[in-house]
Each structure stands twice: as C-alpha cells, then as structure tokens.
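One structure is given below, encoded as structure tokens.
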Amino acid sequence: IKNFYEKIVLRTREKTHPYVEKYGTIGVGLFIAIPLPGSGTYTGALAAFLLGLNLKEFSIANALGIFIAGVLVSAASLGIISLLG
C-alpha cells in the first residue's frame, strides 16, 4: 500500500504544483475546473491536503472549480463551445 500511496501522492503533487505555485488558492480552483479525468474535486482535495491549504481555502477553490467546470461542460453540451477544436 505504501508504494501505491506514494505513487498517487507524487503524481498529484506534480500535476497541481505549477497551478498553485503560479496562482495560489485560485490555482487549485483552476486545476479542479479542468473537465478531464484525473483533475477534479477529489484530486484537488488531495492536492490541497498535500500542499497544506486549510479548509476555508480549499472550500473556496473547490466551489470556484466546480462552478467553472459546470459552466464549461454545460456550454459544450449545448454546443456553445467545442472542446475538441
């Protein structure tokens, strides 16, 4: 289990660190907002924990990310934007 845990932790840190380094708490929200597998609220929560964000900071980032992702997916579903180019 230790190897599996370390693999997940390292991958999460690598994926989220650039966002947090550049944008701070909003960076976690932007990471959560990306509508792709592996970037969502669960991975964002793990990243926030690993990066030492408190509950208030994560809650703000999570709400922002979920809202943006919802708008993007809804717009794509309605044909307003095309995510495939």
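The values are calculated or read from the model by the stated rules, or taken from the named source; none is laboratory data. If you're wondering where the values come from, they're calculated on a predicted model, not measured in any experiment. Methodologically, a virtual Cβ is constructed for each residue, glycine included, from the backbone with ideal geometry; neighbour enumeration extends over all protein chains shown. Ligands, DNA and RNA are stripped out before the accessible areas are found, and what is left, the full protein with its side chains, is counted by its heavy atoms. Shrake-Rupley method; radii C 1.70, N 1.55, O 1.52, S 1.80 Å.
The figures follow:
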{"read-out": "Where the chain is the region considered: accessible area per residue in Å², 1.4 Å probe", "value": "70"}
{"read-out": "Over the chain: helical MRE at 222 nm, DSSP H runs n ≥ 4 each giving -39500 (n - 2.57), nearest 500", "value": "-25500 deg cm²/dmol"}
{"read-out": "In Å², nearest 10: area of K15 left accessible to a 1.4 Å probe", "value": "80"}
{"read-out": "Cα-based shape type of the chain, given that a ≥ b ≥ c are square roots of the gyration tensor eigenvalues and the cut on a/c is 1.5", "value": "prolate"}
{"read-out": "Label zone at A76 (point 7 Å along Cα-to-Cβ), backbone N below 12 Å, region 31-62", "value": "33-39"}
{"read-out": "Net length gained if the chain between S59 and L10 were fully extended (0.36 nm per residue, minus Cα distance)", "value": "15.4 nm"}
{"read-out": "Among T41, I60, I1 the positive-end extreme of the charge dipole of the chain (Cβ point charges)", "value": "I1"}
{"read-out": "Carbon + sulfur, % of accessible area of region 45-85 - ligands and nucleic acids excluded, 1.4 Å", "value": "72"}
{"read-out": "Between 0 and 90°, nearest 10: helix 55-77 axis offset from the chain longest Cα axis", "value": "30"}
{"read-out": "Distance in nm between pseudo-label sites at Y42 and I26 (7 Å out along the Cβ direction from Cα)", "value": "2.9"}
{"read-out": "Percent RCO, i.e. relative contact order, over the chain, from Cα pairs under 8 Å lying at least 6 residues apart", "value": "28"}
